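To keep things clear, I will list the structure first and then write my remarks on it.
Values quoted throughout were computed directly from the atomic coordinates according to the rules given, and no laboratory measurement underlies them. Computed from a predicted structure; not experimentally measured. Backbone-built Cβ (ideal geometry, glycine too); neighbour counts: all protein chains shown.
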Amino acid sequence: MSIRQLLLSAMCLTSFGLAAQTMAPIEPGKASALSLAQTLQAAKQNGAAKLSQQDLAAARSDVLTADRAPLPTFSAKASASDAGNGTALTAGSAPRKTDKSWGLDWTFERGGKRGHRTEAAQWIAQAAEAELSETQVQQQLLAKDLFFDVLTAQEKTHHLKAIALAAETTASTAKVRHQAGDLSAQDMMRVEIEAERAAADHRKSLQDEKRASHVLAQTLGMTTVQTLTVKSDWPPLSNLPFEQTHNLESWMASRPDVKAALLRMQAAQALLENAKALGKIDPTVGLSVDSNPGTTKRLTELRVQFPLQANSTYDGEIGRATAQYYQAQTQWEQAKLNAQTEWQTLREAHAASMARQKIYAQEIVPRAQKVAAQAELAYAKGAIPLVDLLDARRTLKTALIEALDVQADHAKSSTALQLRAPQL
């Protein structure tokens, strides 16, 4: 076998090795590599989720505030008088007797104001709890996108590194062939240009991987900028069972954002009833005891106070509460519509991404590998020019990178469906 044939055989084997390497799954093999489950769990405790937890704690405290009757009022007074004649104290005279008085006043709420107020606060607290669940789901949806972005960047870096190494080997081989007079200077420069482009693509991919990793670390609430690695947790390419069997109405009722909107509508209804109850007068009952100077007798006083509502029917308060109730009702209807639209969009996106991934995994990538292998063999036998070989390699590279993006789309849509309907 001649030197030329040996070199061409080496190039052919390098290309076959590249095709095999680029399709192998990536396993970082590090203990610090995050799994998808760990990422989703951490997303439930990030900064946005903690803020929502604090909102829930505040809403629960509002229930205690609402379920409280008006505090009684204690009053005390003392008046001095001249003991000689019982007249008021004059300038320059010393007090001899002091009249003391103590009193308590209670305001009694009527019309069920306390009950309506407390009921509204309870509904709002339950809505805040549902909104916490929705916030956690939203953060998980964001985190899973970033997780698969990092995973895609990792595997893309792996592919481009293999391509760069193969291109570098090919460039070295081309230089030897040129020195032996077996390859033109133009073809050698083309191979070197391809090697430089492959190396540049690999360096850019490394930067993209670091950038995606930093964004994921920030979303998960890490206090320092870290370069994370993730495990190759690609979901299987299969139909999800709830695509055909899931009941839309029960699914919408269980969604935390729809549930929160319904609870806030019920809270608005309770506040409307509370506004209507303002027409019930709240009397204030008071009791006081006065001492009588010069005697041992005590004067007991019972009094009742109530506001005069001659010119006030609380139309403004009732009108505002009514508007807020209908606003909450509209928001609930909109939340249901948004949920239905999202459900349909998720199913369609998952079906489309699954179909595309099947095409790439079963048709496009295998054919691109076959074309590249045939081009390598044909070039080794001198049947095609270098330009055709480089074109076949570029086609394989493009197919592999596109297949990664399609796989990431399928993983995101599949995980989104599972997060939105975890009970199935």
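The mean of 1/r over all distinct Cα pairs in the stretch 298-390, once inverted, gives the Kirkwood hydrodynamic radius of 21.7 Å. Between THR398, THR415, VAL230, the Cα set farthest toward the positive side of the dipole of the chain (charges on each charged residue's Cβ, about the Cα centre) is that of VAL230. Less than 13 Å Cβ to Cβ from GLN369, Lys/Arg counted +1 and Asp/Glu -1: what total charge do the surrounding residues give? So the surrounding residues net to +2.
When the chain is treated as a GNM with alpha-carbon contacts under 10 Å, the residue of LEU51, LEU299, LEU278 showing the greatest mean-square fluctuation is LEU299. For the residue pairs LYS44/LYS231; LYS161/LYS370; LYS113/LYS336, the C-alpha atoms sit more than 26 angstrom apart in LYS113/LYS336. The magnitude of the dipole of the chain, with charges of +1 and -1 set on the Cβ of Lys/Arg and Asp/Glu and taken from the Cα centre, is near 740 debye.
Both radii are taken from the alpha-carbon atoms of the chain; with Rh as the Kirkwood radius, Rg/Rh is 1.35. Please report, in cubic angstrom per residue, the volume enclosed by the convex hull of the alpha-carbon atoms of the stretch 156-304. Each residue corresponds to 351 Å³ of Cα convex hull volume. When you filter the GluC sites (Glu not before Pro) in the stretch 137-238 for DSSP loop state and at most 15 other Cβ atoms inside 10 Å of their Cβ, nothing is left.
When PHE306, PHE147 are sorted by how many other C-beta atoms sit within 10 angstrom of their C-beta, beginning with the fewest, the order is PHE306, PHE147.
May I ask you to derive the FRET efficiency for THR98 and THR322 from their Cβ-Cβ distance with R0 = 56 Å, giving the value to the nearest 0.05?
Details: r = 55 Å, r/R0 = 0.98.
According to the calculation, E is roughly 0.55.
Nearest 0.05, what FRET efficiency do ALA57 and SER32 give at R0 = 25 Å with Cβ-Cβ as r? Using R0 = 25 Å, I get an efficiency of 0.15. Only helices reaching 24 angstrom along their own axis (Cα) with mean Kyte-Doolittle hydropathy no lower than 1.0 count here, and for the DSSP H runs of the chain these are 3-22. Expressed in Å, the radius of gyration and Dmax of the Cα atoms of the stretch 140-206 are 16.9, 60.
Distance from the C-alpha centroid of the stretch 154-180 to that of the stretch 298-340: 76 Å, rounded to the whole angstrom.
Placing dummy labels 7 Å off each Cα toward the beta-carbon, the span from THR73 to ALA200 is 8.2 nm.
Comparing mean-square fluctuations of ALA372, ALA37, ALA153 from a GNM of the chain with C-alpha springs under 10 Å, the top value falls on ALA37. When the Gaussian network model of the chain links Cα atoms closer than 10 Å, the mean-square fluctuations of TRP123, TRP251, TRP106 top out at TRP106.
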